[in-house]
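Scroll down for the structure; my scribbles are underneath it.
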Amino acid sequence: MKYHPDTLVPHKSAVMNTPANILAEDVCLPAAVIKKSALENNIRWMQQYADTRGVSLVPHGKTTMTPWIFQAQQQAGAWGIGVGSAWQASVAMASGIHRVLMVNQLVGKANMQLISRLKAHYHDVDFMCCIDSLTNARALSHFFTAYGQTLDVLVELGVEGGRCGCRTPDEALALTQAVSEMPGLRLRGLELYEGVLHGDNPQPQVEALLQNAAALACQMAPQVDGEFILTGAGSVWYDVVCNVWTTAQKPPQCRIVIRPGCYITHDLGIYDEAQQQLMARDSVACDLGGDLTPALELIAIVQSVPEPGRAIVNFGKRDSAFDAGLPQPIAHYRDGQALALKSGEIASVGIMDQHCMLTLAADSDVQVGDILVFGTSHPCLTFDKWQTLHLVDDDYNVIEELVTMF
């Protein structure tokens with residue numbers, strides 16, 4: 001039987017019949033928490049942005065893999081949920097999601113069998129995946145034809161040196177023509193991910209890729225019956241995707257789909273920086289009012305102050321993302337009371353599997369047993385460390401425990 005922490009972690013305080021409170025140490029620390037007010041703000045803001053731009057929102061679910069969040073996004077108006085694997089697709093469908101876009105190639109017999117079973121069981125769910133080769137297209141055609149099913153696919157356009165995707169429009173057109181003649185497959189449109197383009201100023205490259213994709217979509221359109229899906233946009237360039245594609249010539253009945261994922265909890269690192277740059281260049285985002293707000297926090301306890309100017313807290317690489325900057329303290333508590341935290345007073349400088357090392361200013365008053373709240377960068381790699389996250393109010397009372405499905 002798989003261990004589940006809900007069997008041991010109380011929802012109520014062991015002392016009083018009150019909701020468990022993170023700062024009162026009613027929950028084992030370290031813990032990952034999501035501020036409900038910030039989460040709701042982010043869901044509302046991004047959905048409003050997509051609606052204002054006249055595009056459909058398919059948040060990338062691999063960020064959170066949390067059914068409760070999937071459902072909240074769908075209820076707010078998301079057109080579907082994006083995933084990266086057959087397993088993730090199964091979680092989304094079991095969560096009640098009506099449309100699932102697997103932004104990846106479906107390869108391997110067991111993965112195909114899983115999707116086949118899901119299509120048979122959740123027959124009302126609209127499922128799509130990507131293709132970028134004749135080899136994969138033939139394998140999918142052979143498999144799903146044998147099962148009497150039709151698999152909906154999007155041709156993926158990539159870039160040289162990037163990840164998947166046809167490297168040229170001519171390759172994509174040749175694949176489009178081949179797929180249109182294969183039983184068991186139905187072409188729905190074109191997909192790309194502009195986030196693979198990097199450099200000091202990647203925006204011109206991003207815009208060129210998007211323009212090429214719009215022109216390619218027009219050439220592909222005769223092979224697509226009905227609505228043509230044109231989809232891209234991760235969490236950094238979704239405004240540029242909207243700018244280019246809403247004004248470009250494109251197929252009739254074209255649905256533009258954007259797929260940001262990290263907006264859901266935002267962060268205090270790389271995505272906060274990207275959002276600030278977006279707000280500076282996009283008047284539509286500014287005119288909405290408000291902005292994305294960090295919702296995901298890591299709560300930990302100081303376990304040692306072994307020498308002047310140094311403290312150790314009880315979280316590490318097993319608990320938080322560290323690939324895009326270390327988690328940094330944003331609040332300091334003792335006995336449930338907030339203490340002043342000056343800029344630069346406490347800083348994370350090193351991390352191991354279960355320990356994070358802090359430097360302390362000379363006048364810093366940090367003691368063993370103090371609670372520190374950390375902001376993180378790159379939420380994807382914090383979510384996947386936790387089976388359970390605590391949804392909390394602004395006073396850190398636990399409202400609900402959210403189960404992840406990684």
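The values are calculated or read from the model by the stated rules, or taken from the named source; none is laboratory data. Predicted model only: the values in this text are computed from it and were never measured. Cβ coordinates were reconstructed from backbone atoms using ideal geometry, including for glycine residues, and neighbour counts include every protein chain displayed. Note: areas computed on protein heavy atoms with side chains; ligands, DNA, RNA excluded. Shrake-Rupley method; radii C 1.70, N 1.55, O 1.52, S 1.80 Å.
Quick look at the numbers
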quantity: Measure of compaction for region 186-307 (Cα Rg per 2.2 N^0.38 Å); calculated: 1.36
quantity: Fraction of accessible area attributable to carbon and sulfur, the chain (%, probe 1.4 Å); calculated: 51 percent
quantity: Residue-wise HN-Hα coupling along region 307-312, computed from phi with Karplus coefficients 6.51, -1.76, 1.60 (Hz; x: Gly, Pro); calculated: 7, x, x, 9, 9, 10
quantity: Potential lengthening between residue 177 and residue 227 on full extension [0.36 nm per residue; Cα-Cα distance subtracted]; calculated: 16.3 nm
quantity: Inter-probe distance in nm under a simple model that places probes 7 Å from Cα toward Cβ, at residue 120 and residue 403; calculated: 2.5 nm
quantity: log10 of Debye I(q)/I(0), alpha-carbon scatterers only, for region 175-227 at 0.15 Å⁻¹; calculated: -0.53
quantity: Dipole axis of the chain (+1 Lys, Arg; -1 Asp, Glu on Cβ), positive-most option in 289, 316, 151; calculated: 151
quantity: Cα gyration tensor shape of region 318-406, rounded if a/c is under 1.5, else prolate or oblate by comparing a/b with b/c; calculated: oblate
quantity: Surface/4 estimate of mean projected area, convex hull on alpha-carbon atoms of region 207-253, nm²; calculated: 3.2 nm²
quantity: 18 Å cut-off, amide nitrogen to a point 7 angstrom out along residue 85 Cα→Cβ, residues in region 164-206; calculated: 164
quantity: Charge dipole (debye, nearest 20) of the chain; +1 at Cβ of Lys and Arg, -1 at Cβ of Asp and Glu; calculated: 1220 debye
quantity: Pairs of alpha carbons in the chain whose separation is greater than 34 Å (percent); calculated: 36 percent
quantity: Added length on full extension, which subtracts the Cα-Cα distance from 0.36 nm per residue, residue 347 to residue 249; calculated: 30.3 nm
quantity: Relative contact order (percent, whole number), the chain, Cα cutoff 8 Å, 6+ residue spacing; calculated: 20 percent
quantity: Cβ crowding within 10 Å averaged over residues, with 196-203, 376-383 ranked highest first; calculated: 376-383, 196-203
quantity: D (Stokes-Einstein, µm²/s), Kirkwood Cα radius, region 59-181, 1.306 mPa s at 10 °C; calculated: 106 µm²/s
quantity: Placed amide H near residue 330: partners under 5 Å, 5+ positions off or other chain; calculated: 373, 374, 375
quantity: Farthest toward positive dipole pole in region 330-406 [+1 Lys/Arg, -1 Asp/Glu at C-beta], among 381, 349, 364; calculated: 349
quantity: Translational diffusion of region 220-280, µm² s⁻¹ [Kirkwood Rh, Cα pairs; Stokes-Einstein; 20 °C; 1.002 mPa s]; calculated: 164 µm²/s
quantity: Region 48-64-region 326-376 distance, computed between alpha-carbon centres (Å); calculated: 35 Å
quantity: Translational diffusion coefficient (Stokes-Einstein; Kirkwood radius from C-alpha pairs) of region 252-315 at 20 °C, 1.002 mPa s, in µm²/s; calculated: 139 µm²/s
